[in-house]
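Visitor: Take a look at the following structure, please.
The values are calculated or read from the model by the stated rules, or taken from the named source; none is laboratory data. If you're wondering where the values come from, they're calculated on a predicted model, not measured in any experiment. Note: areas computed on protein heavy atoms with side chains; ligands, DNA, RNA excluded. Shrake-Rupley method; radii C 1.70, N 1.55, O 1.52, S 1.80 Å.
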Amino acid sequence: MLRQTVVIIPARNEESSIGLVLADLPPVAIVIVVNNGSTDSTRSIAQQAGAFVVDEDMAGYGRACRRGLYALKTFINRSSRENRGAGEPVDSPRLSEPIRYVVFLDADYSDHPELLPELVKPIHQGRADFVLGSRLLGRREPGAMPVQSVLGNKLACFLIRIVWGGRYTDLGPFRAIALERLNILQMKDTNFGWTVEMQIKAVQHRLRTLEIPVPYRRRIGTSKISGTISGTFRAGYKILYTIGKYALLRSPGRLPS
């Protein structure tokens, strides 16, 4: 199961935490750290810890996730060519088994990477296509989620339920999804709307979705979203904008182009 799993970790100036995240991850096929324009030692620390690091200089959570997926696609294509005996040796991971599962988590050590198998297992067993780690169902360390984050997540989930009938409790970053299902979603967002876009499209495509409670601790360092008033406002606006956009453009059986 884990040999068919890739982990994508967007990271921007997380030198104090990225090593801890990587140390707690169980062995998987590939760990891709997307260095999202860091000005500290995030890149070198992640490399020293054994992750494959790719660069995305333009800031944006969704943009970093998309860059990680592009790197994964490149690795898969290269591995396929090598298995056929074509092409020159390349500096990329050799895949002993096909990649079937993709896990996203944050680089700030607020998630618990050691719980990754619990998210992937329901997909591997055929019980789900998409598994979301819900912080609001799990135990949260005091101060891990500011009040505005809790209320914002509840509002977004309420709107998804009203508009599409999808039942979520959180927009948590720790999530696992079957690769073939993720490809169907055709993710577009480049910033804070990435998580809510995935959850909206999962409902639209009738993916079998499961939420499991996950613990959540105070992040290391200052949050780029909830740590500032401007970050909180921009994230909240983008999430509500994304919900509104897909609500206005929805049509039966189709997604907006």
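Visitor: For the chain, give the percent of accessible area contributed by carbon and sulfur heavy atoms, probe 1.4 Å, rounded to a whole number.
Guide: 52
Visitor: For SER134, what residues show an amide H to amide H distance below 5 Å, using hydrogens built from the backbone and excluding near sequence neighbours?
Guide: Amide H to amide H, under 5 Å and 5 or more residues apart or across chains, SER134 pairs with ILE212, VAL214.
Visitor: Oh, and also: What are the extents of the Cα atoms of the range 125-179 along their three principal axes, listed from largest to smallest and rounded to whole Å?
Guide: 36, 28, 16
Visitor: Here is a further query. Once ligands and nucleic acids are excluded and a 1.4 Å probe is used, how much of TYR168 is accessible, expressed in Å² to the nearest 10?
Guide: About 20 Å², ignoring ligands and nucleic acids.
Visitor: Below 8 Å between Cα atoms, with a sequence gap of 6+, how large is the relative contact order for the range 154-227 in percent?
Guide: 26
Visitor: Where Rh is the Kirkwood radius over the Cα pairs of the chain, the temperature 37 °C and the viscosity 0.692 mPa s, what D in µm²/s does Stokes-Einstein return?
Guide: Diffusion coefficient, whole number: 176 µm²/s.
Visitor: Among GLY244, GLY62, GLY133, which one moves the most in a GNM of the chain with springs linking Cα atoms closer than 10 Å?
Guide: GLY244
Visitor: Report, in order of residue number, the helices in the chain meeting two criteria: a C-alpha extent of 24 Å or more along the helix axis, and a mean Kyte-Doolittle hydropathy of at least -1.0; treat each whole DSSP H run as one helix.
Guide: For the chain, where a helix must reach 24 Å along its axis and average at least -1.0, the hits are 61-83, 147-164, 229-249.
Visitor: For the range 32-48, what does the Karplus curve 6.51 cos²θ - 1.76 cosθ + 1.60, with θ = phi - 60°, yield as ³J(HN,Hα) per residue in whole Hz, taken in order and with x for Gly and Pro?
Guide: Per-residue couplings from phi come out as 10, 9, 9, 6, 8, x, 5, 10, 10, 9, 3, 4, 5, 5, 5, 4, 5 Hz.
Visitor: OK, next. For the chain, give me the percentage of DSSP beta bridges that are antiparallel, rounded to the nearest 5 percent.
Guide: For the chain, the DSSP antiparallel bridge percentage is about 30.
Visitor: Using a Gaussian network for the chain with springs between C-alpha atoms less than 10 Å apart, which of these wobbles most: ASP111, ASP24, ASP129?
Guide: Comparing ASP111, ASP24, ASP129 in the GNM, the peak value goes to ASP24.
Visitor: Cross-link list LYS121/LYS188; LYS154/LYS188; LYS154/LYS238: which exceed 21 angstrom alpha carbon to alpha carbon?
Guide: Pairs exceeding 21 Å: LYS121/LYS188; LYS154/LYS188.
Visitor: Could you report the chain's accessible area per residue, 1.4 Å probe, as an integer in Å²?
Guide: Spelled out: the 1.4 Å probe surface of the chain, per residue, equals 49 Å².
Visitor: Tell me the mean residue ellipticity at 222 nm calculated for the chain from its helices only (DSSP H runs of n ≥ 4, each -39500 (n - 2.57), averaged over every residue, nearest 500).
Guide: Result for the chain, helices only: -12500 deg cm²/dmol.
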